[in-house]
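The values are calculated or read from the model by the stated rules, or taken from the named source; none is laboratory data. Quantities reported herein were computed from a predicted structural model and do not represent experimental measurements. We place every Cβ from the backbone using ideal geometry, glycine too, and count neighbours over all the protein chains shown. In case anyone asks, the SASA skips ligands and DNA or RNA and just uses the protein heavy atoms, side chains included. Shrake-Rupley method; radii C 1.70, N 1.55, O 1.52, S 1.80 Å.
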Amino acid sequence: MSKNQAPKTPEVTEYNWRILGKCAEAGVDPDIFYPERMTPKQSKAAKDLCKVCVSRLFCLEDAMSNVKELGIRGGLTPLERERLRKKRFGNSN
């Protein structure tokens, strides 16, 4: 690898997305994904990380398949995911 080439980022798959996510990086406080109140101000730190996360779509898909999933996942709060579920699949679950 030459000096100017960045190291290759591993391909994100259904098997490794959890370990490649921004939330799995050293120094990231997992509590930011479970704010005391799900206000925009309190959820901003987690959502900002999710915006730049290579695993975001896998994470969101995983959270969407588990209705009881708590916390911010894939950049969405539980209420936002429920709204998306209803939009995607209608009101019946």
Give me the one-decimal nm value for the distance between modelled label points at Phe89 and Thr9, 7 Å along each residue's Cα-to-Cβ direction.
2.9
Count of lysine pairs in the chain with Cα separation under 28 Å (8 or more residues apart, or interchain):
26
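Dipole magnitude of the chain about its Cα centre, charges +1 at Lys/Arg Cβ and -1 at Asp/Glu Cβ only, in debye to the nearest 20? Spell out each step's value before the answer.
On the way: 18 positive and 12 negative charges, 82 e Å.
Charge dipole of the chain: 400 debye, to the nearest 20.
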Report ³J(HN,Hα) in whole Hz for each residue of region 12-24, in order, from the Karplus equation J = 6.51 cos²θ - 1.76 cosθ + 1.60 where θ = phi - 60°; Gly and Pro get x.
7, 10, 5, 9, 10, 4, 5, 7, 8, x, 4, 5, 8
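Roughly how large, in nm² to one decimal, is the mean projection of the convex hull of the alpha-carbon atoms in the chain?
One quarter of the hull surface, i.e. the mean projection, equals 7.8 nm².
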Per residue, accessible area of the chain with a 1.4 Å probe, heavy atoms of protein chains only, in Å², comes to 77
Percent accessible area from carbon and sulfur atoms, region 1-75, protein chains only, probe 1.4 Å:
55
If you take the charge dipole of the chain about its Cα centre, with +1 on Lys and Arg Cβ and -1 on Asp and Glu Cβ, which of Phe33, Thr77, Gly21 is farthest toward its positive end?
Thr77
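Quote the FRET efficiency, to the nearest 0.05, computed for Asn16 versus Asp48 with a Förster distance R0 of 25 Å and r equal to the Cβ-Cβ distance. Provide the component values of the computation, followed by the final result.
Values: r = 23 Å, r/R0 = 0.91.
Calculated transfer efficiency: 0.65.
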